[in-house]
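Quick notes on the structure that follows.
The values are calculated or read from the model by the stated rules, or taken from the named source; none is laboratory data. Fair warning: this is a prediction, and the values are worked out from it, not measured in the lab. Counting neighbours? That spans all protein chains shown, and the Cβs are built from the backbone with ideal geometry, glycine included. Heads up: the accessible areas ignore ligands, DNA and RNA and are worked out on the full protein's heavy atoms, side chains in. Shrake-Rupley method; radii C 1.70, N 1.55, O 1.52, S 1.80 Å.
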Amino acid sequence: MKKCPFFILTIISVLLVAVFGLLLRFGIVYAGDGLEDANNESKTIEVASAVHYLKTLISKELGITSDDYPDMDDIMMWSPPEGSLSKNNAEEEEEIVEIGDNADENHAEIAKELASDEEYANNPDAYDGASAVDYGSFITVGDDYFEAGDACFIGDSRMQGFCMYSGLENITSYAQKSYAIYTVFTKELFDTPTGKATLLQEMEANAGRFKKIYIMFGINEMGWADEEKFDLCYYQLIDMIKYYQPEAVIYVHSVIHVTKEKAESSDRFTNESVDRRNEGIREVAENEHVAYLDLNTVFSDEEGYLPKECTSDGVHIKADYMKLWVDYLKTHAIAVD
């Protein structure tokens, strides 16, 4: 009973933030005077993140969910369609199905073991935090590498901002604000001629189309207590992409740090917690033999935080600084046949 005032205040806070978010969304109010569209978009994204965080906080206090959110039942164990094989061969399908058949075991460890290869070794030529793994060495490319119609970008609001303000044309975006990695098989977010579709449905409908796929997840899931569940979701996502896009070079992005002010105001977004998440993402990339890109080598001040001038909300990159991101991708590319 002593917690009732807290619950009431928290619920009121959620409602107020949600209403403010709707007013921002429909342009009835604005996030701040003199802000450009890119920054207004960032403010709207930040409101959505705040709502998500407060909802999680209420659930935790009421005991509705555990610290290990999401529950394992919320994580779809993907396996290829029965009777169909990708160009990666039948052996890969058997490996993926085996993960799904052992639902009560340590999924992340199983996935890592299955993804490993005795002949695999880290790329000795990797530099500045990035790794090309067994794709070979990175090369430098121009805009045409991304604008050939076969580049796809998948992820959360940070990736959405990149797709909107990078200046790159003819790219495909499957990035949305508040997009969480465990919903990529189930959440219908993307417009198609017949209605909304999940990322899984879009990968299937566009099988074989993409040759370069860039992924960024992790900031929306910083509240997860169980890192292995996050890793499991990443393994599942990459396995699905490999199945439907067997010729694609897959790039996995690190989680970008937040500003010092943002980190000091929340124990979820410290550099240490982000770095732990990135260690897991890098290990997933290495085990899956895909490229790992460390954007914190670009967006970091002398203390390792996201520089204040690069962001309007402490989290999302301003449009004016997207060129740094684009330039990094251009110097960390893999040759495509």
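Before moving on, here are some points about what is shown:
- Note on segment 202-231: residues that are in a loop (DSSP other than H, G, I, E, B), in contact with a helix residue (DSSP H, G or I) (Cβ under 6 Å, 6 or more places away or on another chain) and among the acidic types (Asp, Glu) total 1.
- Only one of the listed residues (Tyr179, Tyr174) is open to solvent by less than 20 Å² (accessible area, probe 1.4 Å) and either among the acidic types (Asp, Glu) or in a loop (DSSP other than H, G, I, E, B) (or both). That residue is Tyr179.
- Close contacts from segment 202-221, counting a first residue that is more than 24 Å from His332 (Cα to Cα) and touching a residue at least 60 places away in the same chain (Cβ under 8 Å) and a second that is open to solvent by 10 Å² or more (accessible area, probe 1.4 Å) and not aromatic (Phe, Trp, Tyr), with Cβ to Cβ under 8 Å and a gap of 6+ residues or different chains, come to Asn220/Ser49; Asn220/His52; Asn220/Ser178; Asn220/Ala180.
- Some residue of segment 293-311 being touching a strand residue (DSSP E or B) at 6+ places or on another chain (Cβ under 7 Å), over 26 Å from Ser265 (Cα atoms) and touching a residue at least 12 places away in the same chain (Cβ under 8 Å): yes
- Matching entry among Lys196, Lys187 (being in contact with a strand residue (DSSP E or B) (Cβ under 8 Å, 6 or more places away or on another chain) and open to solvent by 40 Å² or more (accessible area, probe 1.4 Å)): Lys196
- In segment 184-201, the qualifying residues are those that are in a helix (DSSP H, G or I) and touching a residue at least 40 places away in the same chain (Cβ under 8 Å), and the one that is nearest to His332 (Cα to Cα) is Leu199.
- For Tyr251, the criteria (1) under 24 Å from Tyr145 (Cβ atoms); (2) in a loop (DSSP other than H, G, I, E, B); (3) open to solvent by less than 10 Å² (accessible area, probe 1.4 Å) hold in every case but one, which is (2).
- Restricting segment 201-248 to residues that are open to solvent by 10 Å² or more (accessible area, probe 1.4 Å) and of a type in the set (Ser, Thr, Tyr), the residue that is nearest to Pro80 (Cα to Cα): Tyr243
- So Asp150, is it of a type in the set (D, E, K, R) and open to solvent by less than 20 Å² (accessible area, probe 1.4 Å): no
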